[in-house]
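The values are calculated or read from the model by the stated rules, or taken from the named source; none is laboratory data. Note that the structure is predicted; figures quoted are calculated from it, not measured. Positions of Cβ are generated from backbone atoms using ideal geometry, with glycine treated the same way; all protein chains shown enter the neighbour counts. When the accessible area is computed, the model is the full protein with side chains, heavy atoms only, and any ligands, DNA or RNA have been set aside. Shrake-Rupley method; radii C 1.70, N 1.55, O 1.52, S 1.80 Å.
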Amino acid sequence: ARRDGRAARVAHVLIEPDLSRVWIKEGVEMERDEKVLLVDDEVEFTSVLAERMQARGLTVDTAASGVEALEKMEGGSRYDVVVLDLAMPGMNGMQTLERLMALNPDMQVILLTGHATLQDGIRAVRMGAREVMEKPADLSELLQKISEAKLDKIMLIEKRMEEQIQEILNAKGW
């Protein structure tokens, strides 16, 4: 809103490709509405972190394994960001990351780990993770990284939509 109390003009309309969500962005202020999937085999840790994030306005879903996370994604659940543990039994974080990126190359993934080496971090980023953070992560820093990841995702979607609109305009000769 403007300083004089009148409504500001809308700067951007942001739309998911499947039209499932629409955002109206005025300037840089947007209501916190990130949808996050927390994936960690440590259920107590995940539960506490989810509660803390929900208390700050995020919508949070949890999965106790890579397999469960992939089932949620393949089942149609949509997330802005996936916060993924590296060390899990069965399908580990790297394997889960690889499958998540195959499902959705634009997925924003933050890897959380208490066991990472520098090589693991480099490999994860090369595979598509946007961040690697050590456990226990500082909540305010994690929330900041989630917000940045969502904005990056919005910009990717907006760019794709602009390209699609341009293709339609070019095809119609407008």
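Assorted remarks:
- Residues in region 60-93 that are in contact (Cβ under 8 Å) with a residue 40 or more places away in the chain, under 15 Å from residue 36 (Cβ atoms) and open to solvent by less than 30 Å² (accessible area, probe 1.4 Å): 79, 80, 81, 82, 83, 84, 85.
- Residue check for residue 1: open to solvent by less than 50 Å² (accessible area, probe 1.4 Å), part of a loop (DSSP other than H, G, I, E, B), modelled with pLDDT under 90 and not β-branched (Val, Ile, Thr): no
- The listed residues are 96, 117, 113, and the only one of them that is crowded, with 23+ Cβ neighbours inside 10 Å and either over 24 Å from residue 34 (Cβ atoms) or touching a Leu at 6+ places or on another chain (Cβ under 8 Å) (or both) turns out to be 96.
- Here residue 77 meets the list (1) over 20 Å from residue 130 (Cβ atoms); (2) within 16 Å of the chain's Cα centre (by Cα); (3) of a type in the set (Gly, Ala, Ser) almost entirely, failing just condition (1).
- Matching option when the condition is out of contact with any helix residue (DSSP H, G or I) (no Cβ under 7 Å at 6 or more places or on another chain) and crowded, with 16+ Cβ neighbours inside 10 Å, among 159, 150, 172: 150
- Cross-chain or 6+ apart pairs with Cβ under 8 Å, region 107-126 first and of a type in the set (A, V, I, L, M, F, W, C), then open to solvent by 70 Å² or more (accessible area, probe 1.4 Å): 112/134; 116/134
- Residue 144 over 18 Å from the mean Cα position of the chain (by Cα) and open to solvent by 80 Å² or more (accessible area, probe 1.4 Å): no
- Residue match in region 43-59 (condition: loosely packed, with under 15 Cβ neighbours inside 10 Å, in contact with a Leu (Cβ under 8 Å, 6 or more places away or on another chain) and within 19 Å of residue 133 (Cα to Cα)): yes
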